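Below is one structure, written out as structure tokens; the observations come after it.
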Amino acid sequence: MLPVGWKNERRFTMLDLENFLRANEQKIPPVPPPPPVPFVPLVPLGIGDTTVKDAPHIANFYEDVDESIKMGVRFVSQGLAGGEAILIVSQI
């Protein structure tokens, strides 16, 4: 390393940087592989033939009140037909 500038400012040569990287390669433990992804079955969403991964939470966004009602009725009617409990939270 060659000291330059003010208050311990340093300039490094390419060889300095390469040596630094090589020295630290052995200190950094390898990243373990991610765990296998479990199979998650697809379930009907209640909107046409759309299916999604079975999950505890689904949120929908709508452009207007008419679209909200149209999509919501389909979603709720399929849940009721399947014997599911339904909770509706709405400002309408």
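The values are calculated or read from the model by the stated rules, or taken from the named source; none is laboratory data. Keep in mind the model is a prediction, meaning the values are calculated, not measured. We place every Cβ from the backbone using ideal geometry, glycine too, and count neighbours over all the protein chains shown.
Condition check: over 20 Å from the mean Cα position of the chain (by Cα) and either outside any strand (DSSP E or B) or at pLDDT 80 or above (or both). Does Asn60 satisfy that? No. Among residues of the stretch 1-53 being of a type in the set (Asp, Glu) and modelled with pLDDT under 70, the one that is nearest to Phe75 (Cα to Cα) is Glu25. Starting from the stretch 28-51, keep only residues that are loosely packed, with under 10 Cβ neighbours inside 10 Å, then list their pairs with residues that are part of a loop (DSSP other than H, G, I, E, B) whose Cβ atoms are within a distance under 9 Å, requiring at least 6 positions of separation or different chains. These pairs meet every condition: Pro41/Asp54.
Does Val89 qualify as being free of Cβ contacts under 8 Å to residues at least 40 places away in the same chain and outside any loop (DSSP other than H, G, I, E, B)? First the steps, then the outcome.
Working: free of Cβ contacts under 8 Å to residues at least 40 places away in the same chain: yes; outside any loop (DSSP other than H, G, I, E, B): no.
Spelling it out, it is not the case that Val89 is free of Cβ contacts under 8 Å to residues at least 40 places away in the same chain and outside any loop (DSSP other than H, G, I, E, B).
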